[in-house]
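The values are calculated or read from the model by the stated rules, or taken from the named source; none is laboratory data. Remember, predicted model here, so these are calculated numbers, not experimental data. We place every Cβ from the backbone using ideal geometry, glycine too, and count neighbours over all the protein chains shown. Note: accessible area is taken over every heavy atom of the protein model, side chains too, but ligands, DNA and RNA are not part of it. Shrake-Rupley method; radii C 1.70, N 1.55, O 1.52, S 1.80 Å.
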Amino acid sequence: MPLPFEHLTSAQQLSKEVVADVFAVADEMEKIWSSGKRSKLLEDKIIALLFYEPSSRTMLSFQAAVQGLSAGMELAHGRQNSSMEKGESIEDTIRMVARYSDLIVMRHPEAGSADKAASVSHVPFINAGDGGNQHPTQSLLDLYTIKKEKGSLDGLHVAFACDPLHSRTIRSLALALSQYNDIRFTFISPDSLRASSDMITELKNNSVSVEESTDLSVGLDTDILYMNRLQEERFEDHKEFEKYRDQYVLTADMLKGKDTLVMDPLPRVDEIATDVDDLPNAVYFDQARNGVLVRMALMAMLLGKA
Ligand code: NCD
C-alpha cells in the first residue's frame with residue numbers, strides 16, 4: 001500500500017486513510033511477530049537509527065522492527081559518540097547517512113530537526129521525536145492501541161495529563177485524533193503547563209471540543225486517560241519541575257469502579273502508582289508492544305514492500 005509521503009515528520013500527515021492502511025499492514029505484522037517468525041520483507045535493505053536524545057522504547061522497538069523484517073541496521077546512539085558533538089549540522093549528517101542506508105530514523109533534541117533532516121534526505125526519513133515538537137510514530141501506536149481496545153477512533157472523550165505544554169506525545173496524539181468524529185479533549189495540568197494556545201486553536205478548528213482543568217479527578221470519567229510524565233528535560237527552570245512533580249499521581253484507589261482506559265507512552269516516573277499496573281484498564285505495557293508492529297508496517301510501506 002503506497003503512502004502519500006516519502007518522509008514522516010508530523011502527526012498531521014497521519015490522515016484517516018494512512019492510519020487505516022498502516023493498521024492493516026500492522027495486523028499482518030502481528031501474525032508474523034506472534035508466531036515467533038521473521039519476515040524477509042526488508043532483507044535487502046539497511047536501516048539507520050540515529051538516536052541523539054535518550055530513548056529506550058522507541059529505539060529498542062525500532063531495533064526489534066528492523067530485525068523482525070530481516071533488514072540490516074546501523075545504530076548511532078548518544079550525541080557524545082557522534083559527529084554532532086564535533087558540531088556537524090543535522091543536514092550534513094543526514095546527507096552522509098542517506099548514502100549508507102535505505103531509510104533513516106532519527107530522534108533529536110531540537111524541535112524542527114526532523115523537517116531539516118527530511119528536506120535533505122533522498123531516502124525515506126522517519127521522525128522518532130524532535131525535541132518538544134512531535135512524535136508521530138508514537139501517535140500511530142497510540143491510535144492502534146485505542147482502536148484495539150475501544151473498537152473505534154470516533155466518539156472519544158480523552159483526558160491528557162500532566163504536561164501538555166512540553167509533551168510531544170500529547171501534542172502529536174491530540175492532533176492525530178482531532179480528525180475523527182465527535183472528539184472531546186480535557187487537558188489536565190498546572191496553570192503554567194497548559195497546552196499552547198496554537199495547538200488549542202488548531203484542535204478547535206478541527207471541531208474538537210476542548211476543556212482544561214487543574215484537577216486530575218476530572219480525567220477519571222473519560223474514555224481514555226492519557227498520562228505522560230512531566231518533561232523534566234524541557235523545563236527552563238528546574239524549580240518549576242520540582243514544584244509540580246508530585247502534583248498528579250494516579251493510584252488504583254482513584255480508579256476504583258472506573259473503566260477509563262489508562263495509557264502512558266512511558267517512561268513512567270511519578271505519574272502512575274505501580275498498583276495501577278494490574279488493573280485490566282491499564283494498557284501501557286501493551287501499548288509499548290504495539291510499537292514494534294506499527295513501526296514494522298511503516299518501514300515496509302515507506303520502502304514500497306508492503
Ligand atoms: C516519550 C517521548 O520520548 O516523548 N517516550 C516514548 O517515546 N515512548 C514520552 C516521554 O519521554 O515522556
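For this structure, a couple of remarks:
- Which listed residue is open to solvent by less than 70 Å² (accessible area, probe 1.4 Å), out of contact with any strand residue (DSSP E or B) (no Cβ under 6 Å at 6 or more places or on another chain) and either over 20 Å from S113 (Cα atoms) or modelled with pLDDT of 95 or more (or both), from A48, A65, A71: A65
- S207 vs. criteria open to solvent by 10 Å² or more (accessible area, probe 1.4 Å), at positive phi and more than 22 Å from the chain's Cα centre (by Cα): yes
- Within the stretch 35-64, being out of contact with any Phe, Trp or Tyr (no Cβ under 6 Å at 6 or more places or on another chain), under 26 Å from R95 (Cβ atoms) and within 16 Å of the ligand (Cβ to nearest atom) holds for L50, F51, Y52, E53, P54, S55, T58, F62, Q63.
- From the options V283, V276, residue that is more than 16 Å from the ligand (Cβ to nearest atom), open to solvent by less than 10 Å² (accessible area, probe 1.4 Å), of a type outside the set (S, T, N, Q) and over 19 Å from T186 (Cα atoms): V276
- Total residues in the stretch 154-183, condition of a type in the set (A, V, I, L, M, F, W, C), surrounded by fewer than 23 Cβ atoms within 10 Å (Cβ to Cβ) and closer than 18 Å to P136 by Cα: 2
- Every residue from the stretch 272-306 that is without any contact (Cβ under 8 Å) to a residue 60 or more places away in the chain and either of a type in the set (G, A, S) or not in a helix (DSSP H, G or I) (or both): I272, A273, D277, D278, L279, P280, N281, A282
- Candidates are the residues of the stretch 83-116 that are open to solvent by 20 Å² or more (accessible area, probe 1.4 Å) and touching a strand residue (DSSP E or B) at 6+ places or on another chain (Cβ under 6 Å); the one that is farthest from P265 (Cα to Cα) is D102.
- Qualifying positions in the stretch 245-271 - hydroxyl-bearing (S, T, Y) and more than 16 Å from the ligand (Cβ to nearest atom): T251, T260
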